[in-house]
Every structure is written in C-alpha cells, then in structure tokens.
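To start, the structure under review is shown below, and the notes come after it.
The values are calculated or read from the model by the stated rules, or taken from the named source; none is laboratory data. As the structure is a computational prediction, the values presented were derived from the model and not from experiment. Cβ placement follows ideal geometry from the backbone for every residue including glycine, while neighbour counts extend to all protein chains displayed. The protein model used for the area step is the full one, side chains on, heavy atoms only, and it has no ligands, DNA or RNA in it. Shrake-Rupley method; radii C 1.70, N 1.55, O 1.52, S 1.80 Å.
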Amino acid sequence: MANVFISFLGIGSFNKKPGYERAEYVWTEKTPQTITCCFAQTAILAALEACKNENDSVDRVVLFCTRESYDKHFEALEDEFKHHLKQMPKIIIPDLVPTDMTAENQWNWFEQLLDNVGFGDRLIIDFTHGMRAVPIIFSSAIGFLTRAKHITLEHALYAWYDQKRQNGEPHPIVDMKDFYVINDWAESVARLTDDADARKLGEMAKQSRVDALAPLADEDLIAAFQEMTDCIRNVDVNNVSQKVNDALAYVQQSRTKVGGSARLMLDLVWEKFCALATDDPPSGRYDQPYFETQIKIIEVLMEHRLFMQAFTVMRELVGAIGMAGIGGKYAKKKMASGDGKKYRKRFAEVFVNMMQFPVDGWKFSGFTEETRLKLMPWFENLQKAGIEPQLREIVDDMVKIRNGFDHAWTSENAAFPGIEDKGKEYLTVLHNIVRRMADQELFS
C-alpha cells in the first residue's frame, strides 16, 4: 500500500511563456504557509510535506501528460519540485495521453490509471489541469478503484487560480473529496434500503466525515438501524415493529434538522421501512394489526430476496392463524418466554400439520390429539369461511421449501424450482386470507 499523488500536466496559456504564471497558493486546511510557484502540483506537494501527516506523505507521483504538455513543461515542473520540496518524489509518467477523444483513447486513460494504482493505496488526486474529459473519466475510475482495489481517496484537489483576487490574497487549494465520498454514502443507504443491511452505513460512519451528511453518522441512529435490520434478517417477527418504530423515530428527528442530500437519504429510509411501523404498541394478541404486520414483513423480505426468512415468516403466519381462534388464556401471543411460547409450540405446530395433510391422513395421538380436538371448532369456522381450502393449497409446498432451506437442501437433489415465484404466489394467498378474516370478523 502506498500514498499516490495523481495529477495532470496541462499546456497552460498559449499567449504567455512559460505558459503558467507564478502565483501564490495556500491550502489552509493543511498549513498556513503560502508558496509561490508556477505549477499547482508544487504547491500541493509542498503543503502535504509541511503538515507531516503520515496519510498525506507521497510515495510516488503519477503524472498524466500529452506530448505537447510534456515537451513544454515537464522539465520546468521537475526543477520546481527540486527547488521547493525537501524530498523529491518518484515521478511516473504513463503512456502520453493522446488528444484524440475517441472511445478507445478514453478507455486507455481509464486503464492507465488502474495500472498505476495498487491494492489498498491511498490516493491524492489533483484535477487542476485535467485535460478535456479526462477528469470525468478519472472521477469514474475513483469509484471503480474504491470497490475493485479498496483504495482510499484522501483528497480530490483543485487549485483555484483567480485573476480577480484582491489585495494580493493567495489562490486557494480546494478539497472536493466530499463530492466523491457522497457516492459511498449513497451506496451504504441503498444497501440499507435494498438489502436490509446496515453494516456499510456503520462502516462509513466510522471512516468518513462529511459535514453535510453528519446526521447519517449519528451513533444512536446507526445502532437503531443495526437493531432493526438484525431483527428483520433474523426473523424476529414479534419485535420487528418496535425496532422499526425506534429507528424511524431517530430518522424523523434527524429529518427535521437537515435538508439537501442528507434529507433525501433519510427520506429513502423512511419510505422503505415505514410500512413495518405501527401507530400503537402491540396488543399482545393475534389480532388484525399483528397479521398485517407479518404480511408487510414478508413483503420486505421478498423484496430483499431474503427468501429463507420470508418462508419462515409465512410458516409462522400459518401457525399464528391457528392460534388466532383458540381464545381464552391461549390467545396471548407473548412468545418470548413463559406460557405464550409453550402454547405456540403446542397449537401452532399441530395446526400447520392439520393444514399440511388431508383430513383422512391425520395421525394424531395422545397430547397432539387433545390439541387437535381443541383446535377443531376453529378449524371448522375456517372451513365455513372458505379459508381452510386456501391454506391447504399452499401449506404443504410452503413447508417443504422452508424445510429445504433449513437443511440446506441436503434431502433434495436441488433447490425447489421457482422459489421467488412461489413466494409471491403464497404471499398473495396469505394476504387474501388475512383480508377475508378481517371482513368476516374472525380476529379476536
């Protein structure tokens, strides 16, 4: 891993010799000292050398030139380096950049940059004299290198030479790094909303500081996102709504304080997960809000292609339908511990088996037979409501698919075909069942 300074050597003015005027530059974020020189590269390297920061030391300079700019200025630039810098950097000049803007040449510039950057390098890029479309191409290369070679962009610089500056003020060196890092922030938010994965956002919060995006790096917000996504991915269906509520409370609080890009990213998170939130605290019963939340969870899991988790929630939902009509002390759905967990294991599992196998194939005995008899009045109500036949059509294959995931398909020759299509089909059926149960007032 090395610290690499990448820059462009332009032609400069056609009317003046040597083509660049001597000017006073300052990079105030690094040093209060100014430097008077012809080439912005000299001022940037001198500022980096003066601040003595390990991350800003330069191991090599990669200088992109055209034939004309090389012949006209390289010797003068090298002499200026020797005069102003205590330690002369190693200068690498790739193949001279052609001026012809063909697609082939553009890709050639892109590939040359890739060839001169190693895995894990830290980059300082100076765009001051980037020729024509080269800065656009290199901007794309930065994003590619971040992912392909895990580089770190330390600085993206532009030396702003302003002829109208008053009172002999030095020309500023401006760092535009934030406008490249914002793409990584956008990717981390996309990973959160598309894959229910908060890890990238947590990494960005630790590694990068962009003032405009500071609300996204709030520790409490990141922790709430992590708990919410862990809850979703771990199929903790009874706690998802509360975790979503907690996370969205932080989102709402942050949204009121910011605008621009940070607000836009927070809005994306809000829109993605607000369907899983609830207006009221859970009742602790298998009621309509509970089932509607389960449907929403399945939708989110399917959308994120978390099919194993989606089928797990579907199977749990079928078992919960069995619990919904028992009544009395069994109706409570507090499943984390105590009687709720015991009753759920007893009644829900038997109900799934009742739906999975035809009535004439039931083989219950002892305790499971007692449970079946307790469930029969509810089972018959579901038959009359037309719900039992709908469940029976999907439960057998649904359970087989879920068991296939559970055992890594070792009991099958291959994974069940068309899992995504089946998941969407079963979700539609379950959605219709929950709606019909509500219409016929079957919820307790």
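From the list Glu412, Glu425, the one residue that fits, being surrounded by fewer than 17 Cβ atoms within 10 Å (Cβ to Cβ) and either among the basic types (Lys, Arg) or at pLDDT 85 or above (or both), is Glu425. Residues in segment 216-233 that are open to solvent by 30 Å² or more (accessible area, probe 1.4 Å) and either in contact (Cβ under 8 Å) with a residue 40 or more places away in the chain or of a type in the set (Asp, Glu) (or both): Asp218, Glu219, Asp220, Glu227, Asp230, Arg233. Checking each residue in segment 236-261 for being open to solvent by 30 Å² or more (accessible area, probe 1.4 Å), outside any helix (DSSP H, G or I) and not small (Gly, Ala, Ser) picks out Asp236, Asn238, Asn239, Thr256, Lys257, Val258. Restricting segment 199-215 to residues that are among the charged types (D, E, K, R), part of a helix (DSSP H, G or I) and open to solvent by 60 Å² or more (accessible area, probe 1.4 Å) leaves a set whose member that is nearest to Gln253 (Cα to Cα) is Asp211. Taken over segment 145-190, the residue count meeting the criterion of being of a type outside the set (Ser, Thr, Tyr) and closer than 20 Å to Lys30 by Cβ is 21. Considering only residues in segment 262-274 that are farther than 30 Å from Val318 by Cβ and open to solvent by 40 Å² or more (accessible area, probe 1.4 Å), the one that is farthest from the chain's Cα centre (by Cα) turns out to be Arg263. The set of residues in segment 263-285 being over 20 Å from Asp197 (Cβ atoms) and either part of a helix (DSSP H, G or I) or modelled with pLDDT of 85 or more (or both) consists of Arg263 alone.
Among the residues of segment 114-134, those that are more than 23 Å from the chain's Cα centre (by Cα) and either more than 19 Å from Leu45 (Cβ to Cβ) or without any contact (Cβ under 8 Å) to a residue 24 or more places away in the chain (or both) comprise Leu114, Asp115, Gly118, Met131, Arg132, Ala133, Val134. Asp59 - would you say it is within 38 Å of the chain's Cα centre (by Cα), open to solvent by 20 Å² or more (accessible area, probe 1.4 Å), within 27 Å of Thr152 (Cα to Cα) and without any contact (Cβ under 8 Å) to a residue 40 or more places away in the chain? Answer is no for this residue.
Note on segment 428-438: residues that are surrounded by 16 or more Cβ atoms within 10 Å (Cβ to Cβ) and of a type in the set (Ser, Thr, Tyr) amount to 0. Can you tell me which residue is farthest from the chain's Cα centre (by Cα) among those in segment 362-406 that are among the acidic types (Asp, Glu) and within 26 Å of Val313 (Cβ to Cβ)? Checking each candidate, the answer is Glu388. For the structure I just gave you, tell me whether Ser140 is assigned to a helix (DSSP H, G or I), buried (at least 19 other Cβ atoms within 10 Å of the Cβ) and within 25 Å of the chain's Cα centre (by Cα). It is false that Ser140 is assigned to a helix (DSSP H, G or I), buried (at least 19 other Cβ atoms within 10 Å of the Cβ) and within 25 Å of the chain's Cα centre (by Cα).
For segment 355-409, give me the residue count where each residue is assigned to a loop (DSSP other than H, G, I, E, B) and surrounded by 11 or more Cβ atoms within 10 Å (Cβ to Cβ). Total meeting the criteria: 6.
With respect to the conditions (1) over 18 Å from Pro172 (Cα atoms); (2) modelled with pLDDT of 85 or more; (3) part of a helix (DSSP H, G or I), Leu48 falls short on a single one, namely (1). Just so you know, in segment 143-163 the residues that are part of a loop (DSSP other than H, G, I, E, B) and touching a strand residue (DSSP E or B) at 6+ places or on another chain (Cβ under 9 Å) include one that is farthest from Ile44 (Cα to Cα), and it is Ile151.
On inspection, Phe119 does not qualify as among the aromatic types (Phe, Trp, Tyr) and closer than 23 Å to Pro98 by Cα. Residues that are open to solvent by 50 Å² or more (accessible area, probe 1.4 Å) and among the basic types (Lys, Arg) were ranked within segment 344-354; the one that is modelled with the highest pLDDT is Arg346. Pairing residues of segment 376-400 that are assigned by the TED database to the domain that holds Met323 and under 16 Å from Val350 (Cβ atoms) with residues that are crowded, with 20+ Cβ neighbours inside 10 Å and small (Gly, Ala, Ser), at Cβ distances under 7 Å and at least 6 apart in sequence or on separate chains, gives Trp378/Gly325. Hey, any hits in segment 308-318 for a residue that's among the polar types (S, T, N, Q) and open to solvent by 40 Å² or more (accessible area, probe 1.4 Å)? No, the conditions are met nowhere in segment 308-318. Within segment 82-122, the set of residues being buried (at least 19 other Cβ atoms within 10 Å of the Cβ) and part of a helix (DSSP H, G or I) comprises Trp109, Leu113.
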